[in-house]
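The next block holds one structure in the form of structure tokens; read it before the comments.
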Amino acid sequence: MKLFVGLGNPGSKYARNRHNIGFMAVDRIAEDHGFGPWKSKFQAEIAEGRLGGEKVLLIKPQTFMNRSGQSVGEAMRFYKLDSTDVTVFHDELDLAPGKVRVKAGGGHAGHNGLRSIHEHISPAYDRVRLGIGHPGRKELVSPYVLSDFAKADADWLDDVLRGVSDGAGHLADEESGKFMNAVALRTAPPRSSKSPAKSPKPDANPAPEPDVDERSAMQKLLDKFK
């Protein structure tokens with residue numbers, strides 16, 4: 001069994017915040033893959049289903065971001081799982097908007113949700129880092145992540161969420177390369193190899209055109225005997 005954890009803050013006030021892209025990701029997975037209804041358990045909203053060859057529990061902690069680890073730890077212990085069975089979907093300031101990366105273990109880089117999970121289950125879990133970009137200055141980070149995505153973000157955000165959902169089965173089967181390929185097909189689809197034929201460039205030194213003899217046959221015959 002796998003635990004897929006989306007990070008965010010509960011309530012409609014925060015629903016479209018950049019900080020809630022983790023919630024958005026697991027919501028899309030639940031919708032696209034026919035998961036059961038969301039229920040309240042482990043201080044979270046949970047939904048059960050299958051992805052690839054695995055049973056998966058989707059978790060949206062309702063403890064607010066900085067206490068997310070309480071919910072994740074409770075669910076992990078209930079199902080007698082290891083931290084390596086956990087994958088966390090979260091916003092990532094250090095990636096450009098629309099970029100997605102998979103990471104196993106590592107630090108929390110100041111992310112309050114990850115810091116809490118570190119404290120409750122250890123750093124040895126997988127992450128799906130969902131790029132939202134950086135506002136440029138440290139003091140702007142908090143208002144930036146707690147602001148809604150702009151209308152201009154709608155297209156790339158939809159592509160990212162669809163790509164994550166497309167590849168979710170591969171992620172559950174621990175095939176991160178195939179997962180990233182599925183994301184890339186949505187966020188950076190290959191260009192068509194069919195392109196209009198290019199007109200040949202004009203010759204810089206064209207051969208001189210041959211002179212055309214415009215005389216009639218009779219005139220050519222008379223001129224021959226002059």
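The values are calculated or read from the model by the stated rules, or taken from the named source; none is laboratory data. What you are looking at is a predicted structure, and each value in this text was computed from that prediction instead of being measured. These accessible areas exclude ligands, DNA and RNA; they are computed on the full protein's heavy atoms, side chains included. Shrake-Rupley method; radii C 1.70, N 1.55, O 1.52, S 1.80 Å.
Mind listing the Cα extents of the stretch 19-118 along all three principal axes, in Å, largest one first?
33, 28, 24
Over 18 Å between C-alpha atoms is what I'm after, so list which of Lys13/Lys138; Lys103/Lys178; Lys39/Lys103; Lys80/Lys103 land there.
Lys13/Lys138; Lys39/Lys103; Lys80/Lys103, as the Cα separations exceed 18 Å there.
Determine the order of Asp166, Asp85 by accessible area, beginning with the largest, at a probe radius of 1.4 Å.
Output order, biggest surface exposure first: Asp166, Asp85.
Specify whether the C-alpha gyration tensor of the stretch 62-192 places it in the rounded, prolate or oblate class, a ≥ b ≥ c being the square roots of the eigenvalues: rounded for a/c under 1.5, otherwise prolate if a/b is larger than b/c and oblate if not.
Numbers: a/c = 2.15, a/b = 1.18, b/c = 1.83.
Since a/c reaches 1.5 but b/c is at least a/b, the shape of the stretch 62-192 is classed as oblate.
Going by accessible area, probe 1.4 Å, with all protein chains left in place, what is the ranking of Ser40, Ser122, Ser68, largest first?
Listed by decreasing accessible area, they come as Ser40, Ser122, Ser68.
At 1.4 Å probe size, with no ligands or nucleic acids counted, give the accessible surface of His170 in Å², nearest ten.
Answer for His170: close to 70 Å² accessible.
Please list 3J(HN,Hα) in residue order for the stretch 23-37, calculated via the Karplus relation 6.51 cos²θ - 1.76 cosθ + 1.60 where θ = phi - 60°; whole Hz, with x for glycine and proline.
With coefficients 6.51, -1.76 and 1.60, one gets 4, 4, 5, 6, 4, 5, 4, 4, 5, 6, 10, x, 5, x, x Hz.
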